[in-house]
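A.B. asks: Please see the structure below; I have some questions.
The values are calculated or read from the model by the stated rules, or taken from the named source; none is laboratory data. Note that the coordinates shown come from a computational prediction; the quantities given were computed from them, not determined experimentally. When we count neighbours, we look across all protein chains shown, and the Cβ atoms used for this are built from the backbone with ideal geometry, even at glycine. Note: accessible area is taken over every heavy atom of the protein model, side chains too, but ligands, DNA and RNA are not part of it. Shrake-Rupley method; radii C 1.70, N 1.55, O 1.52, S 1.80 Å.
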Amino acid sequence: MQNKFMLRALELAKKAALEDEVPIGAVIVDPKTNEIVAEAYNQSQHVLDATAHAEIEVIRKACTKLKQNRLRGLDLYVTLEPCTMCAAAISFARIENLYFGAEDEKGGAVLNGVKFFEAPTCHHRPQVHSGILAEESSILLKTFFKSKR
């Protein structure tokens, strides 16, 4: 089932690339029903907002849809390891499980960088599952950035 949701996140990432956004996609899933609650992709360029990362956008959409500020019991699938800002949002939203594709050695904050969820000041630590369709996610990002150089 994990691959199904990560495949959807990859489809969203591809849509982002077509719109000249960094190709990162995200979906929030209710694991009890296996239904997608919300989905999003990076929008920073189009909305001129540095915080419009896929994770932030999908959390906002899920909270609005469910009319609540916490997403307890829900899972997040994202194609790239979240940055520090997104890791903090995931923690504040109380996401149950974080599934991500490619690691981000430069900007990641889960397995790399500041390792946000390991900090003593982190209020909520989701279960982290990495490497789901990592190669596909990585190729998409590398292809995108290669075209920019």
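A.B. asks: Applying the selection to the stretch 95-128, what residues are small (G, A, S) and closer than 27 Å to K142 by Cα? Show your work before the answer.
C.D. replies: Here is the first cut: in the stretch 95-128, the ones small (G, A, S) are 101-102, 107-109, 113, 119.
Of everything in the stretch 95-128, those that are small (G, A, S) and closer than 27 Å to K142 by Cα turn out to be G101, A102, G107, G108, A109, G113.
A.B. asks: Could you pull out every one of the helices (runs of 4 or more DSSP H) wholly within the stretch 1-116 that has 1 or more residues that are open to solvent by less than 10 Å² (accessible area, probe 1.4 Å) and of a type outside the set (V, I, T)? Don't jump to the end; show me each part of the working.
C.D. replies: On the way: elements: 2-18, 44-47, 54-66, 84-93.
Passing ranges, in order: 2-18, 54-66, 84-93.
A.B. asks: Return only the number of the condition from (1) within 19 Å of L10 (Cβ to Cβ); (2) under 14 Å from the mean Cα position of the chain (by Cα) that A87 does not satisfy.
C.D. replies: Result: A87 passes all but (1).
A.B. asks: Being within 14 Å of the chain's Cα centre (by Cα) and hydrophobic (A, V, I, L, M, F, W, C) is the filter; apply it to the stretch 120-140 and report the residue that is most open to solvent (accessible area, probe 1.4 Å).
C.D. replies: Only one residue tops the list, namely V128.
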